[in-house]
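Contents: one structure, followed by commentary.
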Number of protein chains: 2
Amino acid sequence: MIHIDDIEIEKMEKIFRLNLINSITGYKSANLIATKSKNKGLNVAVFSSVTHLGSNPALLGFITRPDTIPRNTYKNIRDNKYFTVNQIHQDMIAEAHQTAAKYEEEVSEFHKTGLEEEYLDDFFAPYVKQCTVKIGCEFVNEYKIEENGTALIIGAIKHVYFDEGIQTPDGWLRLEDAGTVAINGLDGYALPTLLDRFHYAKPGQEIKSFFDKNNTED
Amino acid sequence: MIHIDDIEIEKMEKIFRLNLINSITGYKSANLIATKSKNKGLNVAVFSSVTHLGSNPALLGFITRPDTIPRNTYKNIRDNKYFTVNQIHQDMIAEAHQTAAKYEEEVSEFHKTGLEEEYLDDFFAPYVKQCTVKIGCEFVNEYKIEENGTALIIGAIKHVYFDEGIQTPDGWLRLEDAGTVAINGLDGYALPTLLDRFHYAKPGQEIKSFFDKNNTED
C-alpha cells in the first residue's frame, strides 16, 4: 500500500493534491443547485457535498465557499432564501459538468449548457427540468467553517419531486432506477448499480437482505 | 411526477420518512469510522456523511449525533482526538452494515462483525484491515447544528493509504478500481462504474473527456 503523510500532502503540486484529497473520502452525491437572484438572474452549479442532516425536521446541508466560485449560488441563497437541489442523472453529466465554466457574471449557466429551468408550485427558485429527482429548499442557517473559510449551508426540505416508479412501499427511493450518478473526485461521474439492501442490524444475528425471500423479517 | 410538500413529510410514518429523506439527496459516501477509547475499547461504525471540506489544508467532515448511537465514536474522538475513515468496498458490505447493531457498551464491533483492526505508523486509532483506502484523521473542531442536535466534526487528514494501481498520474484515485461502494438511503449499498471523467470546463467550449484521444488538452 502507498502511504502518504500530511507533510507530503502539504508539499504536493496543487492539482495533484486536489485530485487525491477529493477522491480519498469516497463517492460523493451529484447534484445541481439552482438559484435566482433579485434581478431574476439564474444560476445553476454542480455540488458534490450535499448531505442528509436529518429527517424530522427534514434538513440537508452542503459546503460552499462564500468568497469564490460558484460565486452566485451563495449570494442568491442569502439574498432570497430559496434554492433547489436536483440529482444529476447519467444522460446529463456533460451538461452538468459544463456549469463549472467561469461564465461572465450576467450569463446564466442554464442558457449556456442546455439545461432548462422549470418552476413548480410557485416556488421562487428554479428547478432543473431534465432532472427526475428534485428538492425545493428554504435557507435555515449557515455555519462558517473557520478552518478554511468555507460554510455549511443548512436547508429545510419544503418540496420533493420524483418519478413514482422509483419508490418502494417503505418510502425508499431506488436511485438506480432514477439513473442517478455519484461523483469520484472533482470530475469523475460514475453510475451505481445496487448490490444489496439490508434490514436493520441486530447483535448476534446475520444481516438480512431485502431481496432474499427466505430472509423476511419476523 | 410525485410531489410531496413539507406538511406531508412531517405527517409521514417515521420509517417511511427516514427512507425517503435519506434517499432524496442522492448517493452518499460509504465509510467505516474507527476509534479507540481511553481504556483501549475499540469502536467501528458505518457513516454515510463523510464529506470533502478542503484540500489545503486537507480536511474532511462528517455529521454525528453526540447524544445517540453510534454513541462511542463521538466520545472516543472527543476524548482522544484521533479517528480513521475507511472506504467500504463491495466484498464487505454485510460486515460493514452489521456494525450498526446495538451491541453492549463493552463489546467491540470489530470482534462481532468479522472486521479486523490494524495499526499503522504508530497512529492511535485503529484502521479496518479489510479496507483498501484509508485515512488517519486528527480532530480539529466541532460545529453543533442547533437545528437538530447533530454536530459537524472536522478532521485534519494526517495519513492516507491506498493501493498503488488505483491512482492516475494526476493524483486522482479511480474508486472503481478500489471496489468502493456508495450508500443509497440508510441501508442500500451500490457499486459505481465510471461513466466519464471531464477536463476543467471552459465557457463556449465543449466538455472534453479524459478518455477521448482526440480531446487532449492543448
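Of note:
- Contact order relative to length of chain A, as percent, for alpha carbon pairs under 8 angstrom and 6 or more apart: 21 percent
- About the centre of its Cα atoms, the protein assembly as shown shows a dipole size close to 760 debye [charges on the beta carbon of Lys, Arg (+1) and Asp, Glu (-1) only; nearest 20 debye].
- CD proxy at 222 nm, helix term only [per DSSP H run n ≥ 4: -39500 (n - 2.57); per residue of chain B; nearest 500]: -4500 deg cm²/dmol
- Restricting region A:45-137 to GluC sites (Glu not before Pro) in coil, as DSSP defines it, with at most 11 other Cβ within 10 Å: A:E104, A:E105, A:E106
- What separates the A:D212 label point from its copies, with the point 7 Å along Cα to Cβ, is 4.5 nm, written shortest first.
- In loop segments of region B:4-67 as defined by DSSP, the trypsin sites (Lys or Arg not before Pro) with at most 15 further C-beta atoms inside 10 Å of their C-beta are B:K38, B:K40.
- What you get for region A:55-119, charging only the Cβ of Lys and Arg (+1) and of Asp and Glu (-1), is a dipole of about 400 debye around the Cα centre.
- Distances in nm from A:E147 to the matching label points in the other copies, shortest first (labels 7 Å along Cα to Cβ): 2.1
- Looking at region A:147-218, the GluC sites (Glu not before Pro) that sit in a DSSP loop and have at most 14 other Cβ atoms within 10 Å of their own Cβ are A:E206, A:E217.
- Global form of chain A, assessed from the alpha-carbon gyration tensor, a/c cut-off 1.5: oblate
- Global geometry of region B:37-136, whether rounded, prolate or oblate, following the gyration tensor of its Cα atoms and the 1.5 cut on a/c: rounded
- Taking Cα centre as origin and charging only the Cβ of basic (Lys, Arg, +1) and acidic (Asp, Glu, -1) residues, the dipole magnitude of region A:68-210 rounds to 420 debye.
- Where Rh is the Kirkwood radius over Cα pairs, Rg/Rh for the protein assembly as shown: 0.94
- Label spacing, shortest first and in nm, from B:K11 to its equivalents in the remaining copies (7 angstrom along Cα→Cβ): 6.3
None of the figures in this text is laboratory data; all of them are computed from the coordinates on show. All values derive from a computational prediction rather than experimental measurement. Every residue, glycine as well, gets a Cβ built from its backbone with ideal geometry; the counts of neighbours run over all protein chains shown.
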